[in-house]
1. Identify, by number, the condition in (1) in contact with a helix residue (DSSP H, G or I) (Cβ under 6 Å, 6 or more places away or on another chain); (2) of a type in the set (Lys, Arg); (3) modelled with pLDDT of 50 or more that ARG141 doesn't meet.
2. If a residue must be closer than 29 Å to GLN581 by Cα and open to solvent by less than 10 Å² (accessible area, probe 1.4 Å), how many such residues does segment 518-546 contain?
3. So which of GLY355, GLY341 ends up being surrounded by fewer than 24 Cβ atoms within 10 Å (Cβ to Cβ) and on the phi > 0 side of the Ramachandran plot?
4. Please specify each residue of segment 262-317 satisfying the condition of being open to solvent by less than 10 Å² (accessible area, probe 1.4 Å), in a strand (DSSP E or B) and of a type in the set (A, V, I, L, M).
5. In this structure, does ARG216 turn out to be open to solvent by 30 Å² or more (accessible area, probe 1.4 Å) and either in a strand (DSSP E or B) or not assigned by the TED database to the domain that holds HIS270 (or both)?
6. Here is a list: PRO262, PRO282. Which entry is of a type outside the set (Ser, Thr, Tyr) and in contact (Cβ under 8 Å) with a residue 24 or more places away in the chain?
7. Hey, can you tell me all the residues within segment 499-548 that are among the aromatic types (Phe, Trp, Tyr), in a strand (DSSP E or B) and within 15 Å of the chain's Cα centre (by Cα)?
8. Identify all residues within segment 466-495 that are open to solvent by 40 Å² or more (accessible area, probe 1.4 Å) and farther than 15 Å from GLY397 by Cα; write none if there are none.
Amino acid sequence: MNLAKWLEAVKHYSKTLLLLLGLLILAACGSSPRPNVQDIQDNQGGGVNTQAVTPVLILYPDGLGTFAESDGVSLQGKAKIGSVQLKPGLAYDSSTRPKKSAKDKRGQTGAQALGDVQTQAFSYPDAAQIYAIMLTNLLGRYADVVVTRKAISAYTAGEANQYYRTFYIGSTYEDPIPPAFISDIMAGAKVTWLNYNIWRLDNAAIGASLSQLGLRYVALYPEYQPSEFSTGFNRIDYRGYAFKKYIPGLLEVPIEMMEVAPESPSVIVHAWARNSAGRQIPYALQSGNFWYIADNPFTYIHEQDRYLIFADLIAPMMGRDTTCAPRALARMEDLSPNDQGADLKRMLDIINRVGIPFLATAIPLYIDNNTTPVTQIRWTQNSGALAQLRRIPRIRGRIFQHGYTHQFENLKNPSGISGDDWEFWRVELDASGNRITSTPIPGMTASSALQRIQTGRSILSSLSTALSNLTPVGWTTPHYEADPSYYATFNQTYNRAMERRIYRVGSVIAGQFFPYPVRDVNGTLMLPENLGSVQPNYLLPMVEEAARANRVLRCPWAGHFFHAYTIDPSYTGPNAYSAAQFESFLGYIRNTLGYTYVDPTGVTTQ
């Protein structure tokens, strides 16, 4: 490493943590069993795979990544860092406040722009494995791909040549790289390198140099202060669209970028990063079999983010540079036995008039545990709402189950009311709506959670008639959060879900959404919910912008959801919009942007 590089490292060591802790993470209390860090294989296809297997290797750092404290910031990760949690809601909308008030489901209270995450015992190796899981999930778009994940320190000479492609995720600054790996890259192994440590390919001791790849390391650009967020390399130009790492008032987070310059005309720059002064540097480069991505695309992900660029470029990296017709998924959310039939009818009338297939998430049983005795409302007690529920299969709709009660027994989690509460995750909020507890529910197990799902499924199935089959065909986790160890068990009832999902390794929990269908590490077929929904700080134009961002990808998907109460004329919340606007939005997605709405039961991986 040259002197300039070393001085740069000294200057920015303390601040680097701000970026690393600015993951889409929740440092969880307690612990969970860790996967074997040496060799973990995931068959992404699920079931019997009759295709030829395509092996992929993912290498991640396993260094501790702990440094001395400086600038008053604990580099052990014990400080309270302003960070971002991915859903419930959006990457920059932690949605930790209930979307419905205690007595009136239309009383949306609003959501946070940024949540403070209390990090405890932050682990660089755990975070690195989380990133590897997120990459594994994206590779799950291909049914024939089998992924092996292992620590970079365990790499052996020639190993990259045993796989179709090897990905190295450089998430830990200055983590050691085995010389054998560098030699294999220089010999032509198919490798994709993300983020840090690219400078280690300049290794004179083994006769290796980036110049052999037609590349030159230039600099690392850290912008960790709020005053720098708007001026850094926060715009990524790709296929005619400007993807964003910074959205004023919504997503204001640390920015970091590596500059690696092309030194040969054979190097292809697939995407460019720009700063506020108009200077551009390569973001995604290809030199023959070698690809480089200039940051970690798995941090601070959101609906218009450069994460989508990396997800899209996996196709040519895997030799599958094909295009697909744009497709869309529409999800009507939170149908409850406590709903007004007129509210459901208003939205269903529009969907029927537009003439698109859709899915609706139904809560089997409504509970309010604030009353004595506890209030229970069954679908059979609300004939108006039940009539609309039974209408759904007759107008091209599919039922997805949305929990059992969308709350948990006698817990105030946080309110005790169906639709407000988490059912498979423990959440307590302070007076401002910020999380003070976010853990698995004490005493709940995967088997007891599955029993709740099966009980709810029986209730919905029992409501079927000869003309209307209400047996659910898929799943959406209430508020998108459950103990990550439960999901494989959930597959016993539903192996198809439309949601964003959380994943856990040790102390680190991260959320992820998918821009296309994948089979994730749990074996669940994940349908893309990548646009979000209209919320107080994420209004209809933002949902449309997300659809435009995804439209430039090779195989575009537009998965979104919506609540019936938001188009009720009597609702005046900040996320209210009219029935005409809702109908116009569906038309914009289909007719203007050219997406075709599809039946969720026909969605598969590639």
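The values are calculated or read from the model by the stated rules, or taken from the named source; none is laboratory data. These numbers were taken from a predicted model, which means no experiment stands behind them. Cβ atoms come from the backbone with ideal geometry, glycine included; neighbour counts cover every protein chain shown. Note: areas computed on protein heavy atoms with side chains; ligands, DNA, RNA excluded. Shrake-Rupley method; radii C 1.70, N 1.55, O 1.52, S 1.80 Å.
1. Unmet condition: (1).
2. So in segment 518-546, the residues closer than 29 Å to GLN581 by Cα come out as 526-546.
Then drop every residue that is not open to solvent by less than 10 Å² (accessible area, probe 1.4 Å), which leaves 526-533, 538, 543, 546.
The total comes to 11.
3. Working: GLY341 fails: on the phi > 0 side of the Ramachandran plot.
Sole residue among the options that is surrounded by fewer than 24 Cβ atoms within 10 Å (Cβ to Cβ) and on the phi > 0 side of the Ramachandran plot: GLY355.
4. If the condition is that a residue be open to solvent by less than 10 Å² (accessible area, probe 1.4 Å), in a strand (DSSP E or B) and of a type in the set (A, V, I, L, M), then ALA271, ALA273, ILE281, ALA284, LEU285, ILE293 are the ones that fit.
5. On the way: open to solvent by 30 Å² or more (accessible area, probe 1.4 Å): yes; either in a strand (DSSP E or B) or not assigned by the TED database to the domain that holds HIS270 (or both): yes.
So ARG216 passes the test.
6. On the way: PRO282 fails: in contact (Cβ under 8 Å) with a residue 24 or more places away in the chain.
None of the others qualify; the one that does is PRO262.
7. Here is the first cut: in segment 499-548, the residues among the aromatic types (Phe, Trp, Tyr) are 503, 513-514, 516, 538.
Among the residues that remain, those that are also in a strand (DSSP E or B) are: 503, 538.
If the condition is that a residue be among the aromatic types (Phe, Trp, Tyr), in a strand (DSSP E or B) and within 15 Å of the chain's Cα centre (by Cα), then TYR503 is the only one that fits.
8. If the condition is that a residue be open to solvent by 40 Å² or more (accessible area, probe 1.4 Å) and farther than 15 Å from GLY397 by Cα, then ALA466, SER485, ALA488, GLN492, ASN495 are the ones that fit.
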